[in-house]
1. Hey, residue 233 hits all of (1) crowded, with 22+ Cβ neighbours inside 10 Å; (2) under 23 Å from the mean Cα position of the chain (by Cα) but one; which does it fall short on?
2. Spot the failing condition for residue 99; the list is (1) touching a Ser or Thr at 6+ places or on another chain (Cβ under 6 Å); (2) at pLDDT 95 or above, and only one is missed.
3. Here are some residues: 119, 126, 86. Which one is modelled with pLDDT of 95 or more, crowded, with 19+ Cβ neighbours inside 10 Å, over 23 Å from residue 68 (Cα atoms) and not hydroxyl-bearing (Ser, Thr, Tyr)?
4. Provide a single number: the residues in segment 77-95 that are in a helix (DSSP H, G or I), more than 20 Å from residue 44 (Cβ to Cβ) and touching a residue at least 40 places away in the same chain (Cβ under 8 Å).
5. Quick one: would you say residue 75 is surrounded by fewer than 19 Cβ atoms within 10 Å (Cβ to Cβ) and either under 29 Å from residue 202 (Cβ atoms) or touching a strand residue (DSSP E or B) at 6+ places or on another chain (Cβ under 6 Å) (or both)?
6. Do we find that residue 193 is surrounded by fewer than 19 Cβ atoms within 10 Å (Cβ to Cβ) and basic (Lys, Arg) in this structure?
7. Could you list, in sequence order, all residues of segment 206-234 that are within 30 Å of residue 17 (Cβ to Cβ) and hydrophobic (A, V, I, L, M, F, W, C)?
8. Keeping to segment 152-182, report how many residues are outside any loop (DSSP other than H, G, I, E, B), of a type in the set (D, E, K, R) and buried (at least 18 other Cβ atoms within 10 Å of the Cβ).
Amino acid sequence: MTSKLYLIPTPLGDYDPAEVLPAPVLERITALDRFVVEDLRSARRFLSRAGLRGKIDGLTLRELSEHTAPREVEALLPLFDGADVGLLSEAGLPAVADPGAALVALCHSHGIEVVPLVGPSSLMLGLMASGLNGQSFAFRGYLPAKTEERRAAIRSVEKQSAALHQTQIFIETPYRNDALLADLLAGLAPGTRLCIAANLTLPDALVRTRTVEQWRKDSIIIGKRPCVFLILAQ
């Protein structure tokens, strides 16, 4: 096929896309009329602000979320019949900790060119600002939701970090941020460094790296702010 899949980053907060995305990315967005999106409502709002205001009703939008079955992903293939398609995440980079990865894999298996576009990544922004090891790092996604499994995972992640001198990066569903932080402070060694990077790129962004011992003396409430957690053990 001659079609292409463009991976389109979106702002991490409620920003005018022109304040965050380079002009060539905005130009590419306005040249497309077919999109696969994580959420239809927020995608329409983003596309309107990105230069397609007044044209939304003429776009073809298909939803791909964590609830999309594999057969439904396959059913998206006809979108590429001689046309280019854009893939949108809810925030940040599509296909990274994002269900859009299934569409990217489908495109590779059918010879459709995949084109990543430049934009914000909370994971890389957090790593950049953490002061932790930026030459060796691993993204662990979400730790288990169940308390005992999560605590065991924290011990395992810390052990790997110490053995490899490797920064470990993970995220959490916002309403569980403070429960995860409590388990980190209870389960990690005092000398392990922990970075909390919340609401990145927003006016109230927080990026702070301390040892676990220091965090225990002066902890914070993260609340429901989108947050990236990074640790580096000794």
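1. Only one criterion in (1) crowded, with 22+ Cβ neighbours inside 10 Å; (2) under 23 Å from the mean Cα position of the chain (by Cα) is unmet by residue 233, namely (2).
2. Checking residue 99 against (1) touching a Ser or Thr at 6+ places or on another chain (Cβ under 6 Å); (2) at pLDDT 95 or above, the one that fails is (2).
3. Working: 119 fails: modelled with pLDDT of 95 or more; 86 fails: over 23 Å from residue 68 (Cα atoms).
The conditions single out 126.
4. 1
5. Numbers: surrounded by fewer than 19 Cβ atoms within 10 Å (Cβ to Cβ): yes; either under 29 Å from residue 202 (Cβ atoms) or touching a strand residue (DSSP E or B) at 6+ places or on another chain (Cβ under 6 Å) (or both): no.
No, not satisfied.
6. Values: surrounded by fewer than 19 Cβ atoms within 10 Å (Cβ to Cβ): no; basic (Lys, Arg): yes.
So residue 193 fails the test.
7. Hits for segment 206-234 are 206, 207, 222, 227, 228, 229, 230.
8. To start, the set of residues in segment 152-182 that are outside any loop (DSSP other than H, G, I, E, B) comprises 152-164, 167-171, 174-182.
Of the ones still in play, those that are also of a type in the set (D, E, K, R) are 155, 158-159, 176, 178.
Retained after the next criterion (residues that are buried (at least 18 other Cβ atoms within 10 Å of the Cβ)): 158.
Result for segment 152-182: 1.
The values are calculated or read from the model by the stated rules, or taken from the named source; none is laboratory data. Remember, it's a predicted structure, so these values are computed and weren't measured experimentally. Quick reminder, even Gly has a Cβ in these numbers, built from the backbone with ideal geometry, and neighbours come from all protein chains shown.
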